[in-house]
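Worksheet: one structure, shown below.
Values quoted throughout were computed directly from the atomic coordinates according to the rules given, and no laboratory measurement underlies them. Remember, it's a predicted structure, so these values are computed and weren't measured experimentally. In this analysis, Cβ positions are derived from the backbone assuming ideal geometry, glycine residues included, and neighbour counts consider all displayed protein chains.
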Amino acid sequence: MVKKFPYNPAIMVRPIVLVSAETARDPAEAEALQRLRWGFDVRTPGEAGATSAAFIVEASVRGLVVLSDRGRVVVPTIAEAVEWIARTRAIDVLRAGGLVAVPTETVYGLGADARNVEAVRRIFAVKGRPSGHPLIVHLGEARAMSEWASEVPELAWRLARRFWPGPLTMILRKDARVPSIVTGGQETVGLRVPSHAIGLAMLREFGGGVAAPSANRFGCVSPTTAQHVRDDLGDEVDFVLDGGPCAVGIESTIVDLSSGDFSILRPGGVTREALEEAIGRPVWPCSTGEVRAPGQLESHYAPRAEVVLARREEVEARARELRARGRRVAVLSLAASTEAAARELYAALREIDRQGYEVVVVSAPEEEGLGAALADRLRKAAGRRNSRP
């Protein structure tokens, strides 16, 4: 297990959040407080340790007042108080060199301060990720591209205006100050501004870049809920910022603008058709080339169960054939809507693993719109396992 917080052990202490007994008992407010119970000690006045609370939530005529060493903030609801407390904690952990699971609209990311080399090194250790695989740097706003890229072409600014915040990662020539561990030793860097409200607010308050691959073991199924992160990484992630289920559910589209041309390195939440409309010409996926990007391995996004792809009309027959061989087989039926199928895919694969199936048979969708990204993830989930480093 990777040691937690090797650079600032004091922050390992779980902060105490003090709330009134009435708030703790109210069913609706207690449900909101549940989101704090993994990373905090929630207590009421009179309980042990209450006097050393890091956060105090009090009622006032204007709403709820949250008191902390950062001052005083007034919010209208307990849900917003919880979000502010959790966001504040996430920023403190990042600044201390810790790892934070960050919610985005695509999947949860395992984030570290991208300028902190030792913190970024922990990402690779916790995930078991090969050091040559670059990370995406998540930013709070598009104008921060200039701090991470040595040059930002006009096309990058145009795409940022069209698709950011959102599930698009742009590969640009890196600024000399970007640590090489972030880029996998390349002269390029991947940049993205995510659209998840809680994750984006945290990034803007943090003020720097957060390097973040998916918050799971390398090569396995990406997490789309906070619980998925806890199931995979447990105490090896220092704080999980719970933002609920991810709205898109599959990773960002990655485009390469580093060579003066334009190509898609990984299909994702922004479709090829939308990119073509934005730039005014056809574009095609390019899975090989000089620039390495996340998600390009033959086997990736894979559950423990073997994934078998079949034509839609052959799925049931293939499942019967495998069952006749004594295999425990699940059939995965994707939602008719590709947007719904993308949201549900990774959770469904995790549930198949949880139920102990050995094989899952599934038909990939047509490679149009978001279907192209779904088909890519299923092909890689079905890829040869020995193709992983």
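Assorted remarks:
- Kirkwood hydrodynamic radius (C-alpha pairs) into Stokes-Einstein, region 306-387, 20 °C and 1.002 mPa s, D in µm²/s: 164 µm²/s
- Sites matching trypsin sites (Lys or Arg not before Pro) across region 150-250 that sit in DSSP coil, with at most 12 neighbouring C-beta atoms within 10 Å: 177
- Considering only the Cα atoms of the chain, their convex hull presents on average a projected area of 21.0 nm².
- With coordinates expressed along the principal axes, the C-alpha atoms belonging to region 9-75 extend over 38, 25, 22 Å, beginning with the largest.
- Efficiency of FRET between residue 31 and residue 58 - r from beta-carbon atoms, R0 25 angstrom, step 0.05: 0.80
- Across region 100-279, C-alpha contacts under 8 Å between residues 6 or more apart give a mean separation that, scaled by the residue count, equals a relative contact order of 33 percent.
- Values of log10 I(q)/I(0) for region 177-235 across q = 0.18, 0.20 Å⁻¹ run -0.86, -1.00, by the Debye formula with one identical scatterer at each alpha carbon and no solvent.
- Taking the chain and dividing mean pair separation by its residue count, relative contact order in percent (alpha carbons under 8 Å, at least six apart): 15 percent
- Rounded to whole Hz, the Karplus (6.51, -1.76, 1.60) HN-Hα couplings of region 366-376, x for glycine and proline: 4, 8, 10, x, 5, x, 5, 5, 4, 4, 4
- Taking the C-alpha atoms only, the angle from helix 315-324 to the longest principal axis of the chain is near 90 degrees.
- Amide H contacts under 5 Å for residue 188, placed H, 5+ residues apart: 174
- Cα-only radius of gyration and Dmax that characterise region 1-158, units Å: 18.8, 60
- Exposed-loop-free span, longest in the chain, where chymotrypsin sites (Phe, Trp or Tyr not before Pro) count as exposed if DSSP calls them loop and at most 15 other C-beta atoms lie within 10 Å: 39-389
- Gyration tensor verdict on region 126-238 (Cα atoms; rounded if a/c is under 1.5, prolate if a/b is larger than b/c, oblate otherwise): oblate
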